[in-house]
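Working notes, structure below.
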Amino acid sequence: MTDRKSFEPACPLPVSDKKTVQLAHGGGGRLMQEMIRDVFVRAFDNSMLAPLHDGATWPVEKGTLAFTTDSYVVHPLFFPGGDIGSLAVHGTINDLAMCGAKPLYLSAGFILEEGLSVDVLRQVVNSMAQAARAAGVSIVTGDTKVVDQGKGDGIFINTAGVGLVPSGVRILPQLVRVGDAILVSGDLGSHGVAVLSVREGLAFAGDVKSDSAPLHEVVGDLIEGGIDIHCLRDLTRGGLASALNELAVEAKVGMSIDEPAIPVLEPVRGACELLGLDPLYVANEGRFVAMVPEQQAEAALAVMRRHAVADKAVRVGTVTDRDSPPVVLRTVLGTNRILDLLSGEQLPRIC
């Protein structure tokens, strides 16, 4: 006998409910077209997006194109200092900036869960649009998919970005040299602690906000200022410690880091001590590390400090001869501590 409960047909096109995302919003029909025009096109409006073609085209200026892609699954969707929408824009812009590129165009792919409030979706999309406009970039193409309720987490966002690297600019881990100064653009750990505070309902002393911000302008000024940038890396998942380990291995060098020089806000430090976290491994979304020649370190710091996003830039160490372990921290007690890669992840779902 056939189990009648094994198949329960449902209408994919509810007539009365336009306040939540339905499966039909991902089906290519009328509801999908309405949502694309009413939510996405309205927010991202620009001449390259207007044709609603399968892709966007543009003329290439003199230089080298940079291309990157990333996905964002942060939980919760909104947190002090940002949300998944602005985070997706900033993160993609920053990946391009670490290549020395001026960001030009972004794509945005959305995976939406059935039942998501359209008001929440609109808030996220408008946040993306505002962040893109503020950074001088355009979101020119995209995609939308809808999954069954319970098969997603509200919103996942995938972005890709294209930027232009000026002629003659090369920024690569392999260009790092022994003797280079290691610079950090600002205080560490605020993003991870801000997300955790909302997720777990924790209250910390002080006002901890995400550092999420675009970094391309400060990098552009470093390039225009004649700083011979050897390498840049944004300090996202795994934080400063993981980024330094990755770069040391790729460049086949060692790194010596001075713990007292590393900036961490007191509320963040206190929260990390309370929760057993190390701020050197906590993710950031508006911070980067730069390797520049020793003789240009002070000039680079002066340029960085002219920008609000890097006004607390400091030198934290020096590139050394290749050694094992690759990254060593000189602690406040004057002892050496190995900064190794984590075998797991301290704070999942924060970017």
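The values are calculated or read from the model by the stated rules, or taken from the named source; none is laboratory data. This one's a predicted model, so the numbers in the text were calculated from it and none came from an experiment. Cβ coordinates were reconstructed from backbone atoms using ideal geometry, including for glycine residues, and neighbour counts include every protein chain displayed.
Observations on the structure shown:
- Tabulated pairs, the stretch 245-272, first closer than 18 Å to Ser190 by Cα, second modelled with pLDDT of 95 or more and acidic (Asp, Glu), C-beta under 6 angstrom, 6+ apart or interchain: Pro263/Asp187; Val264/Asp187; Leu265/Asp187
- Identity of the residue in the stretch 42-51, of a type outside the set (A, V, I, L, M, F, W, C) and not in a helix (DSSP H, G or I), that ends up farthest from Met128 (Cα to Cα): Pro51
- Counting only residues that are within 11 Å of Ile182 (Cα to Cα) and small (Gly, Ala, Ser), the stretch 301-319 holds 2 of them.
- For Ile36: the one exception among (1) over 21 Å from the mean Cα position of the chain (by Cα); (2) loosely packed, with under 15 Cβ neighbours inside 10 Å: (2)
- Ala203 vs. criteria free of Cβ contacts under 8 Å to residues at least 40 places away in the same chain and either part of a loop (DSSP other than H, G, I, E, B) or under 12 Å from Val289 (Cα atoms) (or both): yes
- Qualifying residue in the stretch 20-41 (condition: part of a strand (DSSP E or B) and either out of contact with any Cys (no Cβ under 7 Å at 6 or more places or on another chain) or not hydroxyl-bearing (Ser, Thr, Tyr) (or both)): yes
- Residues satisfying the stated conditions in the stretch 67-86, i.e. assigned to a loop (DSSP other than H, G, I, E, B) and closer than 11 Å to Arg199 by Cβ: Val74, His75, Pro76, Leu77
- Number of residues in the stretch 220-255 that are more than 24 Å from Tyr281 (Cβ to Cβ), touching a Leu at 6+ places or on another chain (Cβ under 9 Å) and of a type in the set (Val, Ile, Thr) equals 1.
- Enumerated strands (runs of 3 or more DSSP E) restricted to the stretch 122-194, each holding at least 1 residues that are outside the structural domain of Phe110 (by TED's automatic domain parsing), of a type in the set (Phe, Trp, Tyr) and surrounded by fewer than 17 Cβ atoms within 10 Å (Cβ to Cβ): none
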